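I have placed the structure first, in the form of structure tokens, so that the comments after it can refer back to it.
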Amino acid sequence: MALRPLGELPLAPVDPSTLPSLPDMRDAIAALHRSGPIVRSTSGTPFAVSHDANDALLRHSAFGTGAIGRSFADTLPMGPARSELAYRINFLDPPDHPRVRSLISRSFTTRRVNELRPEIAELARRLVAVAPDGEVSLRTSLAHPLPSSVIATMLGIDVRHHERLRDWTHRVNPLLDIAAPAGSRDDAIAASGDFAGFIEDVIEER
């Protein structure tokens, strides 16, 4: 994949950072795809739009995510939120990333996932069946709670705690946004502390 100078990239017709706030982002995403595989926002930030461009960037040896982890370490106060975000696996570069990934992959095996397939299917059915008017937002009702509950199950977390885990995840997520909404930072840091306390209790119990 040939890398182009930032100034040569086409200007995005829609700032990608605003996509989550749009009531219907399909037209905006379609416009981004028509602009090119990689575009720059009005702030000058480059964005990979197409699947092929993202795949090429993720595999390119010149790119890494360690700088993101370091930025969290620099901007967050000492405590669970800083540790959780600065050292999470998707913000690690080699050699740390392969080391941590090898540990995780021992639990997330094809065999284990297949064993959970009936339980996952039943959970998905329950999640999409709760809409009283027959309509459901797959992003809100399925895309977030389903993998969250499955991961919690694989970690051996009792089902009665799954909703709490999803709530903590939802509250911490603003720290990962390009621009965290006003007032959400303190709540996200508090949620991370609550989650860390819960995990410490689980570890102590085991």
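The values are calculated or read from the model by the stated rules, or taken from the named source; none is laboratory data. Predicted, not measured: the structure shown is a model, and the values here were computed from it. Cβ atoms come from the backbone with ideal geometry, glycine included; neighbour counts cover every protein chain shown. Keep in mind that these areas ignore ligands, DNA and RNA; they rest on the heavy atoms of the full protein, side chains included. Shrake-Rupley method; radii C 1.70, N 1.55, O 1.52, S 1.80 Å.
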- Name the single residue, out of those in segment 13-35 being at pLDDT 85 or above and closer than 21 Å to residue 55 by Cα, that is nearest to the chain's Cα centre (by Cα). 29
- For segment 69-87, enumerate the residues that are under 18 Å from the mean Cα position of the chain (by Cα) and either of a type in the set (Phe, Trp, Tyr) or at pLDDT 90 or above (or both). 72, 80, 81, 82, 83, 87
- Message: Restricting to segment 154-180, give me the number of residues that are open to solvent by less than 70 Å² (accessible area, probe 1.4 Å), modelled with pLDDT under 90 and more than 26 Å from residue 114 (Cα to Cα).
- Response: 5
- Conditions (1) farther than 30 Å from residue 70 by Cβ; (2) free of Cβ contacts under 8 Å to residues at least 12 places away in the same chain: number failed by residue 119: (2)
